[in-house]
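> Attaching a single structure in structure tokens format; questions to follow.
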Amino acid sequence: MDSARAISLQSAHHAQVRGEDGDNMANTARTVALAVALVSLAGPHVSAHAQEIRPTLAPPSHVRSRSPSITSVIQQAGERSATFRRLIETINASTSYVYVDEGECRDSDERGCLVNVTVAGPYRFVFVHVATGKADWDLMGSIGHELRHSVEVIDNPSVTSLRTMRSLYEWIGKQNFRNPNAYETDAAIADGDAVRNEVRAFIRRGKP
């Protein structure tokens, strides 16, 4: 059940959170710089040039990963789950970008969490960690769950930092009684379960 996958919001002194002092601040600068560079590559000039070469080339997704294996899982989930596609389409229609990578949820046993939100110009960047030691259909559900949380953030323009993200979930979320830093929403639980069910149904239909 997805109820065990609360959005985990860590305090500012935790090393997991992007944008802290030392190496973590350097990592954030590199991450945001990379994200901005990718946004630039998706701009009108490059896209027009690409369309001249391949008219059917799809625009780059706003949901990305630095992990080839997670990128593959995201692509497959989009092919197998209507709920997952809807989440991707919603994020693609925004000026925000979501980065999904393997990582821990500090001080928590959750299998997925939002770890930070940053801003660069008109763009917002949402960073997600997921645990990958599970079956692909289950990982797809966990990613779908966190994408719903990402949409919740994107739908609230005032969320531009870890602090404002915490404030949002103190307002719209339910606190996890086992972890005061973890919050959950019914919408994320529902979408995560829907993705799992749709992917498993797709797999069953494909079996002889």
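The values are calculated or read from the model by the stated rules, or taken from the named source; none is laboratory data. Everything quoted here is computed from the prediction, not taken from an experiment. Ideal geometry is used to build each Cβ from the backbone, glycine not excepted, and the neighbour counts take in all protein chains shown.
> Give the number of residues within the range 185-208 that are surrounded by 21 or more Cβ atoms within 10 Å (Cβ to Cβ) and touching a Gly at 6+ places or on another chain (Cβ under 6 Å).
So the answer is 4.
> Does Ser67 satisfy the criteria of being more than 28 Å from Arg200 (Cβ to Cβ), within 14 Å of the chain's Cα centre (by Cα) and among the small types (Gly, Ala, Ser)?
no
> Among the residues of the range 66-103, write down those that are touching a residue at least 12 places away in the same chain (Cβ under 8 Å) and among the hydroxyl-bearing types (Ser, Thr, Tyr).
Ser67, Ser69, Ser81, Thr83, Thr90, Ser94, Thr95, Ser96, Tyr97, Tyr99
Results for (1) modelled with pLDDT under 95; (2) of a type in the set (Lys, Arg); (3) farther than 20 Å from Ser158 by Cα, shown as yes or no for each residue.
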residue	(1), (2), (3)
Ser81	no, no, yes
Arg85	no, yes, yes
Asn92	no, no, no
Arg111	yes, yes, yes
Val126	no, no, no
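> Which one of these does Lys134 not meet: (1) surrounded by 14 or more Cβ atoms within 10 Å (Cβ to Cβ); (2) at pLDDT below 95?
Result: Lys134 passes all but (1).
> Check whether at least one residue in the range 148-170 is in a strand (DSSP E or B) and farther than 19 Å from Asp191 by Cα, and report yes or no.
Start the filter on the range 148-170 by keeping residues that are in a strand (DSSP E or B), which leaves none.
No, that holds for no residue.
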